[in-house]
């Protein structure tokens, strides 16, 4: 499903995508198109892209092709979703302890739309840290 979404092929393109967008939330999926986790996430992203296009834009970045941000954003996971608004990284309290990014594949479209709406509303109010609509601290039941 990654072919349905725009790819950014350089560090400069990623910077420009974040800088150029004034009114919408920029969602960037860092990872590999061939990775199974990314494929699941890309399917959700592609299916919600049309729904959220008025307040969010989605880009994909291959972390092998564009390694510029791997150290800065600690991109070690198969799939990583990050949010930016007006050139500012918007953090999100998901209850997991890692407030910088979503590093697993969400399978529910409505759940992702809810997260994006929450991040967008918080970012518009000037908040740098937004509380997620759902607590993911118990995502894995041991």
Revision key, fill the gap. Here, strands (runs of 3 or more DSSP E) confined to region 1-87 with at least 2 residues that are free of Cβ contacts under 8 Å to residues at least 24 places away in the same chain are none
Review point. What's the number of the condition residue 60 fails, among (1) modelled with pLDDT of 90 or more; (2) over 19 Å from residue 8 (Cα atoms)?
Key: (2)
Practice item. Being over 23 Å from residue 22 (Cβ atoms) and in contact with a helix residue (DSSP H, G or I) (Cβ under 6 Å, 6 or more places away or on another chain) is the filter; apply it to region 76-104 and report the residue that is surrounded by the most Cβ atoms within 10 Å (Cβ to Cβ). Key: 79
Revision key, fill the gap. Of the conditions (1) part of a loop (DSSP other than H, G, I, E, B); (2) touching a helix residue (DSSP H, G or I) at 6+ places or on another chain (Cβ under 6 Å); (3) in contact (Cβ under 8 Å) with a residue 60 or more places away in the chain; (4) surrounded by fewer than 15 Cβ atoms within 10 Å (Cβ to Cβ), the single one that residue 107 does not satisfy is (2)
Exercise for review: Name every residue in region 103-120 that is in contact with a strand residue (DSSP E or B) (Cβ under 8 Å, 6 or more places away or on another chain) and at pLDDT 90 or above, in order of residue number.
Suggested key: 115, 116, 118, 119, 120
Review point. Picking from 71, 51, which residue would you name as being surrounded by fewer than 16 Cβ atoms within 10 Å (Cβ to Cβ) and over 25 Å from residue 125 (Cα atoms)?
Key: 71
Practice item. Please give the number of the condition residue 14 fails out of (1) buried (at least 16 other Cβ atoms within 10 Å of the Cβ); (2) modelled with pLDDT under 90. Key: (2)
Exercise for review: Report yes if residue 45 is under 25 Å from residue 129 (Cα atoms), exposed (fewer than 14 other Cβ atoms within 10 Å of the Cβ) and out of contact with any helix residue (DSSP H, G or I) (no Cβ under 6 Å at 6 or more places or on another chain), otherwise no.
Suggested key: no
Check your understanding: Being touching a helix residue (DSSP H, G or I) at 6+ places or on another chain (Cβ under 6 Å) and at negative phi, is that true of even one residue in region 114-128?
Key -> no
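The values are calculated or read from the model by the stated rules, or taken from the named source; none is laboratory data. Just so you know, these numbers come straight off a predicted model, no measurement behind them. Cβ sites come from the backbone with ideal geometry, for glycine too, and all protein chains shown count toward neighbours.
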